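We did not get these values from a lab; they are worked out from the coordinates using the rules stated. Just so it is clear, the structure is predicted and the values come from calculations on it, not from any experiment. Every residue, glycine among them, receives a Cβ derived from its backbone with ideal geometry; neighbour counts consider all protein chains shown.
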Amino acid sequence: MTRYVVIGAGIVGLSTARRILHDEPAASVTVLEKEDAPARHQTGHNSGVLHAGVYYPPGSLKARLCRAGRESMLRFCAEHGIPARVTGKLIVATGDAELPRLAALHERAVANGLPVRLISPAEAREHEPQVRCRAALYVASTGIVDFGRVCAVLAAGLQQAGARLRFGARVTGIAVRRREQVVSTTVGEFPADVVVNCAGLHADRVARLAGVTPPARIIPFRGEYYELRPQRRDLVRGLIYPVPDPRFPFLGVHLTRMIDGSVHAGPNAVLALAREGYSWARIDPRDVADIAAYPGLWRLARRHLAYGVTEVRRSLSRRRFAASLARLVPAITGADLVRAGSGVRAQAVARDGGLVDDFLIVARDRQVHVLNAPSPAATSAFEIARHIVAGLPR
């Protein structure tokens, strides 16, 4: 019987544990999570969008796993009674300068085999009466779901299948002793034959505990959200996105009607001063020192200083945030917005300052380290798990 230890109870870690037991029912599977419940960080703070796979280079892991992951996620939700809706979304060009980028995005989506259409402003208003644009890309297969609820069902299913979920178990070391590995935590030691690191915001640190030098460093970027006041929710029917700037992995502030009918606006993207820095007030000296000592951050900053300054200004000003949204829906004003929390994206950055664009999964001996799994990892979680488990040593 093979003993597996999965580190991290976000959606990728739970999905990986589930896949292990699917492929090897007799296996011993333990999931270690430092928090007191699953999905407390990236998974539980995202926008709940089931991505179609528009943005990713054809043939990349993101492109392949996102498209398949959307299908498997919808099947899982249907089987377990989890609300999910395929709403479609608009990606809108608000000025002539964005039209070539919109056309390029259309070409990429077609290359990825997605059901998309370039549509006129009049056609866009048939979907979203309040939108303003020069043209739009309609992506029929985008949807919404509550990923936190998905994780709750996954966790319950794992326990029923015999897996151990240990909460409050922060990993402090990983020792390799011949063919056995021992994962040390704040609640004891866990021997394993195979270790899978799905620690998200701390994945690179966990890799270093195991003696692996990560090819990139996790840099935390906070994404802040507002919500439309209930009486203004009728301004948005579904999902409205701007045309993204291809130089960045962030999609720009957008509008999303959630499963519960609320409309979220955001996120922006500002450097967080803690790996779990959900506000400006949350500062972790160790994390700040770690970030400041990393050459990749300074190279990234030099390359994108103007972009970063713009994001900070938008973070500090509801008026600026509303102005960005008003480019998409002119009727939105600052008075329509209320704060709605934030999330932190674990973005891998290489030493040369380059942002790691694809999922990054590194295998070493009897270990697998998931070192870059931001959006669309939640959408792709079941297929990321399939990909990981297919390559595990037996």
Item to complete: Compute the acute angle (0 to 90°) between the alpha-carbon long axis of helix 61-80 and the principal axis of greatest extent of the alpha-carbon atoms of the chain; round to the nearest 10°.
Response: 80 degrees
Discussion item. Using only Cα atoms and rounding to the nearest 10 degrees, what angle (0 to 90) does helix 99-111 make with the longest principal axis of the chain?
Written reply: 40 degrees
Worksheet item: Hey, what angle do you get for helix 11-23 against the long axis of the chain, alpha-carbon based, 0 to 90 degrees rounded to 10?
Response: 50 degrees
Response to the item:
Which of Lys34, Lys89, Lys62 fluctuates most in a GNM of the chain (C-alpha springs under 10 Å)? That residue is Lys34
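What is the local net charge at Glu180, summed over the other residues whose Cβ is closer than 10 Å to its Cβ (Lys, Arg +1; Asp, Glu -1)?
Numbers: positive: Arg3, Arg177, Arg178, Arg179, Arg366; negative: Asp193.
Here the charged neighbours net out to +4.
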Practice prompt. Pick out which of Phe147, Phe359, Phe190 has the largest mean-square fluctuation in a Gaussian network model of the chain, springs linking Cα atoms closer than 10 Å.
Written response: Phe190
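What does the charge count around Gly44 come to, taking other residues whose C-beta lies under 11 Å from its C-beta (Lys +1, Arg +1, Asp -1, Glu -1)? Kindly include the intermediate steps, with their values, before the conclusion.
Working: positive: Arg40, Arg149; negative: Glu35, Asp146.
Here the count lands on 0.
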Response to the item:
Calculated from DSSP helices alone, with each H run of at least 4 adding -39500 (n - 2.57) and the total divided by the residues of the chain, [θ]222 nm to the nearest 500 comes to -10000 deg cm²/dmol
Discussion item. Counting only other residues whose beta carbon sits under 10 Å from that of Tyr294, what net charge do I get with K and R as +1, D and E as -1?
Written reply: +2
Worksheet item: At what distance in angstrom do the alpha carbon centres of the range 119-175 and the range 192-257 lie from each other?
Response: 11 Å
Practice prompt. Might you report the magnitude of the Cβ-based charge dipole of the chain about its Cα centre, with Lys and Arg at +1 and Asp and Glu at -1, to the nearest 20 debye?
Written response: 480 debye
Worksheet item: For the range 327-332, what does the Karplus curve 6.51 cos²θ - 1.76 cosθ + 1.60, with θ = phi - 60°, yield as ³J(HN,Hα) per residue in whole Hz, taken in order and with x for Gly and Pro?
Response: 5, 8, 10, x, 6, 6
Response to the item:
Under a Gaussian network model of the chain whose springs join Cα atoms within less than 10 Å, the largest fluctuation of Ser120, Ser315, Ser141 belongs to Ser120
Worksheet, complete the sentence: For Val243, the residues 5 or more places away or on another chain with a placed amide H closer than 5 Å to its own amide H are Val92, Thr94
Worksheet item: Is the shape of the range 95-149 rounded, prolate or oblate, going by the alpha carbon gyration tensor and its root eigenvalues a ≥ b ≥ c, with a/c under 1.5 for rounded and a/b larger than b/c for prolate?
Response: oblate
Worksheet item: What is the projected area of the convex hull of the Cα atoms of the range 187-247, averaged over all directions, in nm²?
Response: 9.0 nm²
Worksheet entry | Sorted by Cβ neighbour density within 10 Å, fewest at the top, the residues Ile283, Ile219 | Ile283, Ile219
